[in-house]
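Peer 1: Okay, handing you the structure first.
Read the figures in this text as sums done on the coordinates, not as results from a lab. None of the values given here were measured: they were computed from a predicted structure. Note that each Cβ is placed from the backbone with ideal geometry, even for glycine, and that neighbours are counted across all protein chains shown.
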Amino acid sequence: MATFSEELLQLGRTVEEKIAGKVREIDHIVDTNQWKVIEAFQRRQVSDFHFSGSTGYAYNDRGREVLDEVYADVFGAESALVRPHFASGTHTISTALFGVLRPGDELIYITGRPYDTLHKVIGQPGDGTGSLRDFGIGYGEVALTADGEVDWEAVEAAVTPATKVIGIQRSRGYDWRASFTVQQIGEMVERIRAIRSDLIVFVDNCYGEFTEELEPTQVGVDLMAGSLIKNPGGGLAETGGYICGKARYVDQAAYRLTAPGIGREVGAMLGTTRGIYQGLFMAPSTVGQAIKGSIFAAAMFEEVGFQTKPSWQESRTDLIQAVSFASADQLISFVQGIQKAAAVDSHVVPEPWDMPGYEHPVIMAAGTFIQGGSLELSADAPIRAPYIGYMQGGLTYSHVKYGVLMALQSMKDYKLL
Ligand SMILES: *Cc1c(COP(=O)(O)O)cnc(C)c1O
C-alpha cells in the first residue's frame, strides 16, 4: 500500500461521499453508449472471422469494411474510415483537412487557436513542409470571446467566398477554456449554415467520444476526426484514428490517406483488428471510469484550494481535467506524482522536454500500456505561465484515485502544499 498521510486519505473519503451523486450520473451515459455500440455490432453482424486481420494489399478485408460500418453507425455518420495507418490524432485530422481542401480554399477555425500540434499542419506559406498554407490553402482563426464563446460577429466578417471548411475543436486542449458540448456544437452548425449553407463543418473530436450520449456528427457536423489511442480505442486499440461524416468527404480523406483511386480499398490491418473492435466495445465503460476519476480529481484539488476546469459539479464533454497551479514546481510535482501511481514505468521521473510539434517544453506523465495512450491515466503540461496541468484518462477509477492522492502527497512531501 502506498504511503499516504492519514489526513489525505480521510480527505479522499470525504470527497468521495460528496461526489457520489455526480458519479452515478455518469453510469447513465455509459449505459446509453454501451448499448449504442452493441446495437451497431449486432446490426452489422460482427463475427469472430472479422477479427483475423489481413496482409499485403488487403483487398476485400471484411473485418476492415465492417469496422468502418460499425463506426459510422455508432457516430450516426454516413461513412467512416477507421485505420491503424493513422499514426496519431494529428495525422488523422491533417488527413481529413487535406482530403477536402484545395489550393485557393480557406479554412477558418472558429474556436480560437487550435491544439498545438495543428499549428505546424496549418504552417506558413512557403515553409517547405507541405503544410496547408505551403500548399496555398488559406487559414484564418477567430478567437473566442472573453467568456469563452464563439464570436459570431467576427466569424461572419471572416468568412469569404474562398472559405470552404469551418473548424471546431470540441475539447479545451491545452487552453484554459470550457470545452464545447455536443448541443453547443449543434447550435454552431445551424449558425454556420445560416452564413453559407455549403460550408463544410469539421470537428476535432479528440477526447470527446462517449462522454455524452450524442456525438457531433449526430447534430449536423459534416466531417469529424479522432484518435484511437484516446477514447474510442477503449485502451485496447494499439494505434490508429478514425474519420467519419458525409460519405464524399470521408472518401476524399481516404484518397489522401492512401492514394487517389485507391482510397479505402487497400490497407493491411495486420493484427490490429480485434483490438480496435474490442476497444470500441470497451470504450463507453472505460471513458466512464476516466470521467469518474476526473470528477474525483477536480473535487480533491478544489478541496485543497486549486482552481479547476471543469469544476467537479459541471457536466463534461471531454476527458480533460485542468488544474491551475501557483508555480512551475507545483506543476512538475503534480505530473511526477501521477507517474508515481502508474503500473508501468512508475520508477521513472518525467522531466520537461522539447517535444516535436509543441512550442514550449512539455512535461508528461505517461505510465501507459500504449505509448502516449491518453485514455490511460496521464498528465501533461506545457511549462509556461499560468501553470496549468492537464490530466486525463484512467482505465480504472481506482487508478485515477491513487494518481490524485499520489500527486497531492508528492506536493506535500516537497512542501509545495
Ligand atoms: C490529442 C489531440 C490532438 C492530437 O492528437 P495526437 O494524437 O496527440 O497527435 C488534436 N486535438 C485535440 C483536441 C487533442 O486532444
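Peer 1: Sort the following peptides by mean Cβ neighbour count (other Cβ atoms within 10 Å, averaged over residues), highest first: 8-14, 61-67.
Peer 2: Highest to lowest by the protection proxy: 61-67, 8-14.
Peer 1: For Tyr139, enumerate residues with amide H under 5 Å from its amide H, sequence gap 5+ or separate chain, H modeled in the peptide plane.
Peer 2: Amide H neighbours of Tyr139: Leu107.
Peer 1: Order these peptides, 259-270, 366-377, 347-358, 279-290, by their mean beta-carbon neighbour count within 10 angstrom, highest first.
Peer 2: Output ranking for 259-270, 366-377, 347-358, 279-290: 279-290, 366-377, 259-270, 347-358.
Peer 1: Multiply the residue gap between Ala87 and Trp353 by 0.36 nm, knock off their C-alpha separation, and tell me the result in nm, one decimal place.
Peer 2: Length gained, Ala87 through Trp353: 93.6 nm.
Peer 1: Over all directions, how big on average is the projection of the convex hull of the alpha-carbon atoms in the stretch 35-280, in square nanometres?
Peer 2: Approximately 12.9 nm², given one-decimal rounding.
Peer 1: Which percent, nearest 5, of DSSP beta bridges in the chain are antiparallel?
Peer 2: 60 percent
Peer 1: Quick one: which of 74-81, 390-397 comes out on top by average Cβ neighbours within 10 Å, and what's the full order, highest first?
Peer 2: 390-397, 74-81
Peer 1: Now for a separate question. How many angstrom separate the Cα center of the stretch 115-138 from the Cα center of the stretch 225-295?
Peer 2: First find each Cα centre; the distance between them is then 25 Å.
Peer 1: Could you give the angle, 0 to 90 degrees to the nearest 10, between helix 273-303's Cα long axis and the longest principal axis of the Cα atoms of the chain?
Peer 2: Orientation of helix 273-303: about 40 degrees from the principal axis.
Peer 1: Would you mind getting me the FRET efficiency between Glu39 and Asp413? Use the beta-carbon distance for r and R0 = 30 Å, nearest 0.05.
Peer 2: Rounded to the nearest 0.05, the efficiency is 0.05.
Peer 1: Still on this structure, I have one more. Specify the inter-centroid distance of the stretch 75-90 and the stretch 198-216, based on alpha-carbon positions, in whole Å.
Peer 2: When both Cα centres are located, 12 Å separates them.
Peer 1: Next question. Report, in degrees rounded to the nearest 10, the 0 to 90 angle that the Cα long axis of helix 6-43 makes with the longest principal axis of the chain.
Peer 2: That works out to roughly 20 degrees.
Peer 1: Using unit Cβ charges (K, R positive; D, E negative) and no other charged atoms, how large, in debye to the nearest 20, is the dipole of the chain about its Cα centre?
Peer 2: My answer is approximately 440 debye.
Peer 1: May I ask you to derive the relative contact order of the chain, considering only C-alpha pairs under 8 Å and at least 6 residues apart, and to give it as an integer percent?
Peer 2: 18 percent
Peer 1: Using the beta-carbon distance between Glu141 and Arg62 and R0 = 30 Å, what value does 1/(1 + (r/R0)^6) give for FRET efficiency, to the nearest 0.05?
Peer 2: Efficiency, rounded to the nearest 0.05: 0.10.
Peer 1: Oh, and also: Lys120: which lysines have alpha carbons under 25 Å from its alpha carbon, excluding same-chain residues fewer than 8 sequence positions away?
Peer 2: Lys164, Lys230
Peer 1: Could I ask something else about it? Which entries of Lys340/Lys401; Lys22/Lys309; Lys18/Lys292; Lys309/Lys340 show an alpha-carbon separation above 19 angstrom in the structure shown?
Peer 2: Violating the 19 Å limit, Cα to Cα: Lys309/Lys340.
Peer 1: Continuing with this model, one more query. Can you list the residues, at least 5 places off or on another chain, whose amide H is less than 5 Å from the amide H of Ala80, using H built in the peptide plane?
Peer 2: Result for Ala80 returns Ala72.
Peer 1: Using the Kirkwood radius built from alpha carbon pairs, what does the Stokes-Einstein equation give as D for the chain at 4 °C and 1.567 mPa s, in µm² per second?
Peer 2: It comes out at roughly 59 µm²/s.
Peer 1: Can I ask one more? Using 1/(1 + (r/R0)^6) with R0 = 30 angstrom and r between the beta carbons of His28 and Ser346, what's the FRET efficiency to the nearest 0.05?
Peer 2: Rounded to the nearest 0.05, the efficiency is 0.35.
Peer 1: Give me a comma-separated list of calculated 3J(HN,Hα) values for the stretch 114-119, in order, Karplus coefficients 6.51, -1.76, 1.60 applied at θ = phi - 60°, integers in Hz, x for any Gly or Pro.
Peer 2: Coupling constants for the stretch 114-119: x, 3, 3, 5, 7, 4 Hz.
Peer 1: Along the stretch 82-93, what does the Karplus equation 6.51 cos²θ - 1.76 cosθ + 1.60 (θ = phi - 60°) give for ³J(HN,Hα), rounded to whole Hz, x for Gly and Pro?
Peer 2: Karplus values, whole Hz, x for Gly and Pro: 10, 9, x, 7, 6, 7, 5, x, 4, 4, 5, 5.
Peer 1: Which whole-Hz ³J(HN,Hα) couplings does the stretch 402-417 yield from phi under the Karplus relation 6.51 cos²θ - 1.76 cosθ + 1.60, θ = phi - 60°, glycine and proline marked x?
Peer 2: 5, x, 5, 4, 5, 4, 5, 4, 5, 5, 5, 4, 8, 6, 9, 9
Peer 1: Taking neighbour Cβ counts within 10 Å as the exposure measure, how do Ser179, Ser227 sort from fewest upward?
Peer 2: With the fewest neighbours first, Ser179, Ser227 line up as Ser179, Ser227.
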